Amino acid sequence: IAGITQAPTSQILAAGRRMTLRCTQDMRHNAMYWYRQDLGLGLRLIHYSNTAGTTGKGEVPDGYSVSRANTDDFPLTLASAVPSQTSVYFCASSGQGGPTGELFFGEGSRLTVL
Amino acid sequence: GEDVEQSLFLSVREGDSSVINCTYTDSSSTYLYWYKQEPGAGLQLLTYIFSNMDMKQDQRLTVLLNKKDKHLSLRIADTQTGDSAIYFCASESDYKLSFGAGTTVTVRA
């Protein structure tokens, strides 16, 4: 089934540890995004990539990094996790043929930093 | 940046209509979206409306846009238990999306 796959589904992490959340899509979409979802705040954009080889900062990029070596993969790395990064993380993509905001989302990765 | 606001909760009786409201601040918004999130899942696009339209209907869903007041609403006719979810309004401006905090809709029998 075509779509976005995120891993891990859930993770508990000690503060200070490094963590990479993986995201893979098989829809050949050019644009990919990472959002975090926090209660009462909705979704906030962390980083995005309009096409392979390029990335950009979103609304809340501090403490996170991304790479886009190819079209399909868009990993999100927390270099040194802190408790405020406890959240649910969603990867999304958008392709040609529709408005920019027509996003396809993964199932989410729930991260708890202790 | 863009502010998008929604009420946090809505309770509706099964079979009634649900109306979820949203306001946004950016008058240059090009598209406005409604997404649905079921428990434990990612967001799924329900519908969207271009900013030069007033209304869009898609089966049980009706979107109304008042551009002058920067007000968007989603009406769900004949609400069913499967409509229980969080609904997010989103505004697009300059190719970027801003999401509201989400409205949790609870359908009671």
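Every number here is computed from the coordinates shown, using simple stated rules; none is lab data. Being a predicted model, the structure only gives us computed values, none of them experimental. Heads up, the Cβs are rebuilt from the backbone with ideal geometry, glycines too, and the neighbour counts pull from every protein chain shown.
What the table below lists for this structure:
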| read-out | value |
| --- | --- |
| Net charge over other residues, Cβ less than 10 angstrom from the Cβ of A:Gln37 (K, R count +1; D, E count -1) | +2 |
| Average partner coverage of B:36-45, which counts Cβ from other chains inside 10 Å | 5 |
| By average C-beta atoms within 10 angstrom, highest first, the peptides B:65-78, B:29-42 | B:29-42, B:65-78 |
| Partner chain coverage, peptide B:25-35 - average Cβ within 10 angstrom | 2 |
| Qualifying trypsin sites (Lys or Arg not before Pro) for region A:8-114 [loop in DSSP, other Cβ within 10 Å: at most 14] | A:Arg17, A:Arg18, A:Arg28 |
| 10 Å Cβ neighbours from other chains, averaged over peptide B:92-100 | 6 |
| Cα-based convex hull volume of the protein assembly as shown per residue, rounded to whole Å³ | 123 Å³ |
| Separation in nanometres of the label points that stand 7 Å from Cα toward Cβ, at B:Gln44 and B:Gln59 | 0.9 nm |
| 13 Å beta-carbon shell around B:Asp69, net charge (K/R +1, D/E -1) | +1 |
| Cα pair distances of region A:1-101 binned at 5 Å [whole percent] | 2, 13, 24, 26, 20, 10, 4, 1, 0 |
| Chain B, relative contact order in percent, only Cα pairs under 8 angstrom and at least six apart counted | 38 percent |
| Of every Cα-Cα pair in chain B, the percent that sits beyond 25 Å | 15 percent |
| Label-point gap, in nm, between A:Ser10 and B:Ala77 - each point 7 angstrom along Cα→Cβ | 4.0 nm |
